[in-house]
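The values are calculated or read from the model by the stated rules, or taken from the named source; none is laboratory data. Because the structure is predicted, anything quoted here is derived from the model rather than measured. Backbone-built Cβ (ideal geometry, glycine too); neighbour counts: all protein chains shown.
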Amino acid sequence: MNLTLKVWRQNGPQDKGRMVTYRVEDVSPDMSFLEMLDVLNERLILEGDDPIAFDHDCREGICGMCGMVINGVAHGEQVATTTCQLHMRHFEDNAVITIEPWRAAPFPVVKDLVVDRSAFDRIIQAGGFISVPAGSAPDAHSVPVKKVDADAAFDAATCIGCGACVAACPNGSASLFTAAKITHLSLLPQGQPERDSRAKAMVEQMDAEGFGGCTNTGECTAVCPKGIPLDTIAQMNRDYLRSSK
Amino acid sequence: MIERGTSTAPVDPPAGTPAKPVTTGTTRRKSVGFLGSSNGRKAVMAVTGAVLVLFLVGHMTGNLKAFFGAASFNEYANFLRTMGEPLLPYRVALTLVEVVLGACIVLHMWSAVSLARRAGKARPVKYAAKRKSQAGGYAVHTMRYGGVVILLFVIYHLLDLTFGTVNPAGWDGTPYERLVAGFAPERWWVTLFYAVAVVMVGLHLRHGLWSAFQTLGLASGRSYRPLKGAAAAISAVLVLGFLVVPVAVMSGVIK
Ligand code: HEM
Ligand code: SF4
Ligand code: FES
């Protein structure tokens, strides 16, 4: 298949940036979206051009590095799929595809499609941890956890920190990410000692980074490759209000 | 602050990037406090919104008195002013209610406007491709401009039926006379404005009612369906209940 790509090119954080159009030919429908970009980049390199910079690592949907807004939708329109797991068979021959980086003030563009997501790291640092006695591993099942809680905590813990929720949110809010991290810990007994201080610190850090507030649009859950549910945000709100009493 | 190994990439932003974190390295976090945080402001929005919803339910029910004739409607209007007597002097209870409602509107708007500004700042560069809504909400995207329409309407509405400033029956008329004169057929544009505003309130609450539960942490996985259902039902009842009176005046059922 042949494609026309409109890609955001930006030399560095200070560059203004612009959309540049490329033609990519002989793309196999079995290629992943990133492999298609690899093909284009190889050609750009051979032609002496600067290849398009994009983040990626595992290419199997588990690391959260990849991510771009494809035709206006974070990770593309395929539901519950990271960009690296998106395949070209979902596009039509001769399609025009717009590719942009995550757009949010706390995610400054480093180059082209690469954004700096370390704001997420600082949110985690603010409270996304538990205190455990160091030493030998504890006995299994010494702390009982209800099955429903274990399942819900695990679901929340599957967040890979990709940032698609921020990219999709009309308010540029990081609520789904932060809520996933808070919920993951606050449903488990190990997370109880710091439960209140965690919610407070992480919500405050989220604000301090410059993310917007949540208006419950649900756009985040809809694009989240891990399907993190909206009720994690209710859990975050509950914990935050509890901590402010 | 967590100790990081040397193999971990630095999490400080690269030099020259615009991100301005409060916590980097060893700087202390500046506490923004409950009302400074977006969650706190959103909670203010939810609580004040809930008070306003209770008011709307009462207001709508009272309006329906118009169907029982002028005497019944005026008697109800008079009751509002004499509420609390003889314990409280004339109009004191009503004034208290008005002050609370006014404060709620101001706080609700403060929260809405300040959060909208934060949201604007969080996305300085817009997407080139038109962002497609993946969640398929409609009402949620009317909240901000709908709120402005509601505010403009409330101002007109008070001048029309409360103060009588822009009402043909004026301040000297009875409440019932102001109602009939205000929505008279030749003043069809008043009813039109009223209808648009009421529909906006309906959309506002279609999203706002369940959103308030979510904001206050009272929603959970299983409660979304009933909450959204109830939000739709209550919004529909309010819209119909508010529309039926002016439509009845327009069509001569109430005269
Ligand atoms: C004066 C003009 C008004 C403005 C500018 C305004 C604006 C807003 C905005 C921007 C939101 C947040 C939307 C979201 O969560 O997605 C909101 C929520 C809400 N509004 Fe209003 N509004 C106004 C009047 C009203 C009135 C008159 C009522 C009551 C009948 C009301 C009830 C609510 C409720 C219950 C919420 C939900 C709170 C939440 O999401 O936690 N609003 N409003
Ligand atoms: S919540 Fe979903 S979209 Fe947001 S960072 Fe985590 S995995 Fe990505
Ligand atoms: S590259 Fe790891 S999730 Fe896509």
Query raised in the report: Taking the stated definitions as given, is residue A:105 among the hydrophobic types (A, V, I, L, M, F, W, C) and either within 16 Å of ligand 1 (Cβ to nearest atom) or facing chain B (nearest Cβ under 8 Å) (or both)?
Result: yes
Query - Unique match (being within 14 Å of chain B (Cβ to nearest Cβ) and within 16 Å of ligand 1 (Cβ to nearest atom)) among A:174, A:168 - result: A:168
Query raised in the report: Of all the residues that make up the range A:207-233, how many are free of Cβ contacts under 8 Å to residues at least 40 places away in the same chain and more than 14 Å from ligand 2 (Cβ to nearest atom)?
Result: 3
Query raised in the report: Among A:50, A:30, which is the only one that is in contact with a Leu (Cβ under 9 Å, 6 or more places away or on another chain) and either closer than 30 Å to residue A:206 by Cβ or away from ligand 1 (no atom under 16 Å from the Cβ) (or both)?
Result: A:50
Report task. Kindly indicate whether any position in the range A:122-143 is surrounded by 19 or more Cβ atoms within 10 Å (Cβ to Cβ) and of a type in the set (Asp, Glu). Result -> no
**Report entry** Matching residues in the range A:115-128 - criterion: being closer than 17 Å to residue A:160 by Cβ and more than 8 Å from chain B (Cβ to nearest Cβ)
**Finding:** A:115, A:117, A:120, A:123, A:124, A:128
Query raised in the report: If you check B:118, B:144, which single one turns out to be more than 10 Å from ligand 1 (Cβ to nearest atom) and among the basic types (Lys, Arg)?
Result: B:118
Query raised in the report: helices (runs of 4 or more DSSP H) wholly in the range B:143-225 with at least 3 residues that are within 14 Å of another protein chain (Cβ to nearest Cβ) - which ones?
Result: B:143-157, B:188-215
Report task. Considering each residue of the range B:75-131, count those that are within 14 Å of another protein chain (Cβ to nearest Cβ) and charged (D, E, K, R), and give that number. Result -> 7
**Report entry** Subset tally (residues that are assigned to a loop (DSSP other than H, G, I, E, B), touching a helix residue (DSSP H, G or I) at 6+ places or on another chain (Cβ under 8 Å) and within 13 Å of ligand 3 (Cβ to nearest atom)) for the range A:83-117
**Finding:** 1
Report task. Mind listing whichever residues of the range A:170-194 are more than 12 Å from residue A:128 (Cβ to Cβ) and not in a loop (DSSP other than H, G, I, E, B)? Result -> A:173, A:175, A:176, A:189, A:190
Requested in this report: Only residues that are within 16 Å of ligand 2 (Cβ to nearest atom), farther than 15 Å from residue A:167 by Cβ and among the acidic types (Asp, Glu): list them for the range A:54-109, please.
Outcome: A:57, A:60
Query - Total residues in the range A:221-232, condition crowded, with 24+ Cβ neighbours inside 10 Å and either at the interface with chain B (Cβ under 7 Å from one of its Cβ atoms) or over 13 Å from residue A:176 (Cβ atoms) (or both) - result: 1
**Report entry** Failed item in (1) within 13 Å of ligand 1 (Cβ to nearest atom); (2) more than 12 Å from every other protein chain (Cβ to nearest Cβ); (3) surrounded by fewer than 16 Cβ atoms within 10 Å (Cβ to Cβ), with residue B:239 passing the rest
**Finding:** (3)
Query - Complete set of residues in the range A:207-220 that are within 8 Å of chain B (Cβ to nearest Cβ), over 18 Å from residue B:112 (Cα atoms) and either in contact with a Ser or Thr (Cβ under 8 Å, 6 or more places away or on another chain) or part of a helix (DSSP H, G or I) (or both) - result: A:208, A:219
Query raised in the report: Looking at this structure, is residue A:79 within 16 Å of ligand 3 (Cβ to nearest atom) and either in a loop (DSSP other than H, G, I, E, B) or β-branched (Val, Ile, Thr) (or both)?
Result: yes
Query raised in the report: Which of the residues belonging to the range A:1-16 are facing chain B (nearest Cβ under 8 Å) and either in contact with a His (Cβ under 9 Å, 6 or more places away or on another chain) or part of a loop (DSSP other than H, G, I, E, B) (or both)?
Result: A:13, A:14
Report summary line: The residue from A:98, A:83 that alone is at pLDDT 95 or above, polar (S, T, N, Q) and closer than 30 Å to residue A:207 by Cβ is A:83
**Report entry** Check on residue A:34, over 14 Å from the mean Cα position of the chain (by Cα), within 16 Å of ligand 3 (Cβ to nearest atom), more than 11 Å from every other protein chain (Cβ to nearest Cβ) and surrounded by 15 or more Cβ atoms within 10 Å (Cβ to Cβ)
**Finding:** yes
